[in-house]
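Note sheet for the following structure.
The values are calculated or read from the model by the stated rules, or taken from the named source; none is laboratory data. Here the structure is a predicted model, which is why all the values come from computation and not from measurement. Here the Cβ positions follow ideal geometry from the backbone for every residue, glycine too, while neighbour counts run over all protein chains shown.
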């Protein structure tokens, strides 16, 4: 196979069923360019190693597979390990609890090729019930975080509506402040300019921080309307005090790192 044009980085720790489903949707994608799938795995005897070995033995037009091991779970740390190994002109960071529409990768790559000023793009993601996840948001502020985690959001619903671009036309591409790491398609030149993910963000805000640096460097960020997927969105921070703590800790780190302008959602 020729050198990959697209590198897809997946990270896994005890989510084998999701990983298998995610890879299945990649295999069903309609591709006409070389693609590598890099799985960065924290070993847990869940069958991941055997799955990748099987895929490596098989013949898949345009798609190759690579397995990397990591000693511990850290979203930014695992993704950086995959990025360092990636050979593609474009790198797609993608959650494993996500299944792609067969045309998603093809449409996303076509968009990036025809929009050279866009440095990062996210996919148009939906819940399993068909409702939109609004992947693409304004930069968070302490007010938007409070509104999303307290009754304040119900008292003043306009805060969240503006933050989520709630009234946007979902059938049109949309320029946004940042997109979720669930699907983050990145030009290699962007990584060469702004660097890797900041590994101080162990859980949450690594995507916000990266997009903030990208926009500060002059690149645009978009949600691609016709690149779609179903995202089961685990939202651990809403179900676990440990993850909620680290998410809020990462928020504090983000505002401390970028200063008073970031507190007001500005570059």
Exercise for the section: Could you figure out which of (1) over 20 Å from residue 136 (Cα atoms); (2) surrounded by fewer than 16 Cβ atoms within 10 Å (Cβ to Cβ) isn't true of residue 175? Expected result: (1)
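Okay, residues lined up against (1) surrounded by fewer than 18 Cβ atoms within 10 Å (Cβ to Cβ); (2) under 22 Å from the mean Cα position of the chain (by Cα):
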| residue | (1), (2) |
| --- | --- |
| 134 | no, yes |
| 147 | no, no |
| 150 | yes, no |
| 154 | yes, no |
| 160 | yes, yes |
| 166 | yes, yes |
Exercise for the section: Being touching a helix residue (DSSP H, G or I) at 6+ places or on another chain (Cβ under 8 Å) and under 16 Å from residue 129 (Cα atoms) is the filter; apply it to the stretch 226-249 and report the residue that is modelled with the lowest pLDDT. Expected result: 232
Problem - Matching residues in the stretch 148-169 - criterion: being touching a strand residue (DSSP E or B) at 6+ places or on another chain (Cβ under 7 Å) and assigned to a helix (DSSP H, G or I) - result: 163
Exercise for the section: State whether one or more residues within the stretch 170-189 are part of a helix (DSSP H, G or I) and either touching a residue at least 12 places away in the same chain (Cβ under 8 Å) or on the phi > 0 side of the Ramachandran plot (or both). Expected result: yes
Exercise for the section: Write out, first by first residue and then by second, each pair whose Cβ atoms fall under 6 Å of each other, whose residues are 6+ apart or on separate chains, and whose first residue, in the stretch 143-168, is within 14 Å of residue 251 (Cβ to Cβ) while the second is assigned to a helix (DSSP H, G or I) and modelled with pLDDT under 90. Expected result: 146/152; 147/153
Completion exercise
Subset of the stretch 150-182, residues touching a helix residue (DSSP H, G or I) at 6+ places or on another chain (Cβ under 8 Å) and closer than 30 Å to residue 110 by Cβ, comes to 163, 166, 167, 173, 177, 178, 179, 180, 181
Handout entry: Residue in the stretch 112-127 that is surrounded by 19 or more Cβ atoms within 10 Å (Cβ to Cβ), at pLDDT 95 or above, in contact with a strand residue (DSSP E or B) (Cβ under 7 Å, 6 or more places away or on another chain) and in a helix (DSSP H, G or I) present
Key = yes
Practice task
Tally the residues that are assigned to a loop (DSSP other than H, G, I, E, B) and crowded, with 22+ Cβ neighbours inside 10 Å, restricting the search to the stretch 195-235.
Solution key: 4
